[in-house]
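The values are calculated or read from the model by the stated rules, or taken from the named source; none is laboratory data. Owing to the predicted nature of the structure, the values given are computational and were not obtained by experimental measurement. Ideal geometry is used to build each Cβ from the backbone, glycine not excepted, and the neighbour counts take in all protein chains shown.
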Amino acid sequence: MRKPFVAGNWKMNRTVEQATLLVADMLPGLQTVSSVDRVLCPPFTSLMVVSGMLAGTEIGLGAQNMYWEEQGAYTGEVSPLMIKEFCQYVILGHSERRKYYGETDEGVNWKLKAAFAHNLIPIVCIGETLEENEDGRTADVVQRQVLKGLEGINKTNAEAMVVAYEPVWAIGTGRSASPEAANEIIGSIVRKNLAAIFGEDIAAKIRILYGGSVKSSNAKNFFVQSEIDGALVGGASLKAAEFVKISEAAVDN
Ligand code: 13P
């Protein structure tokens, strides 16, 4: 019922020249996987060139962050209007932004509202840290991130958004969550809270991804889980063949 969704978060990797080569490398393979929504999220500096390369394909483009104001004296920030020139998607609230740049649930909420106001589809990231996990606080943390991050969002917008559950301890570590445990958290915490806010019908339509050390060798194990609708892929999205294989693994689960 929910169309599978695979996005590549390149993080702070690849120059324009390298991005061009990477996209050229993965494009033929990626284009064959049309039953999956595929999205590339390169750094800001490559958005223009990659959007040109993706023109005429069904592959989407996303930014990795944005500010909530449209313009003004905010040195170093990039606005929804600027993102919108090239992108259909924007990643918001990634744990690296929460950790290194002090992003809060409240800030994520403002960005989310700005994204919807500009017809950008947000990929909202949530997930607990290792310490929170070990302290048995996963459910509380994830619930808080959902309730505060999504406060005041209307149902129509909610239906279009994508949520990514990325346990922080699984990101870039090679230590992915167990697919069953991720499925349990996504079903009984994330989707349950979405249902509490937006109702069962809307919650059943929202795509929820898993992220954290996804690669071609483990992707299918996540995609066969009933509550997991795809993946937000970091490191493996920088390898053309890997990212194509992960997208292929999302077909027919
Ligand atoms: P890795 O796939 O490198 O663990 O990164 C996951 C992630 O943070 C995607 O947003």
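From (1) over 30 Å from Glu128 (Cβ atoms); (2) part of a loop (DSSP other than H, G, I, E, B), pick out the condition that doesn't hold for Met53.
Here Met53 meets the rest and fails (2).
Out of (1) of a type outside the set (Ser, Thr, Tyr); (2) under 20 Å from Arg98 (Cβ atoms); (3) more than 16 Å from the ligand (Cβ to nearest atom); (4) assigned to a loop (DSSP other than H, G, I, E, B), the odd one out for Arg175 is which?
Of the numbered conditions (1) of a type outside the set (Ser, Thr, Tyr); (2) under 20 Å from Arg98 (Cβ atoms); (3) more than 16 Å from the ligand (Cβ to nearest atom); (4) assigned to a loop (DSSP other than H, G, I, E, B), the odd one out for Arg175 is (3).
Counting just the residues of segment 160-171 that are in contact with an Asp or Glu (Cβ under 9 Å, 6 or more places away or on another chain) and not β-branched (Val, Ile, Thr), which one comes out farthest from Glu128 (Cα to Cα)?
Per the stated criteria, the residue is Trp169.
Of the residues Leu27, Leu21, Leu81, Leu112, which single one is in a helix (DSSP H, G or I), within 18 Å of Arg207 (Cα to Cα), modelled with pLDDT of 95 or more and not polar (S, T, N, Q)?
On the way: Leu27 fails: within 18 Å of Arg207 (Cα to Cα); Leu21 fails: within 18 Å of Arg207 (Cα to Cα); Leu81 fails: within 18 Å of Arg207 (Cα to Cα).
Answer to the selection: Leu112.
Report whether or not Ala182 is small (Gly, Ala, Ser), within 16 Å of the ligand (Cβ to nearest atom) and modelled with pLDDT of 95 or more. Talk me through it step by step, then tell me what you get.
Working: small (Gly, Ala, Ser): yes; within 16 Å of the ligand (Cβ to nearest atom): yes; modelled with pLDDT of 95 or more: yes.
Spelling it out, Ala182 is indeed small (Gly, Ala, Ser), within 16 Å of the ligand (Cβ to nearest atom) and modelled with pLDDT of 95 or more.
Quick one: in segment 198-242, of everything that is in a loop (DSSP other than H, G, I, E, B) and more than 16 Å from the ligand (Cβ to nearest atom), which residue is surrounded by the most Cβ atoms within 10 Å (Cβ to Cβ)?
Out of the qualifying residues, it is Ile206.
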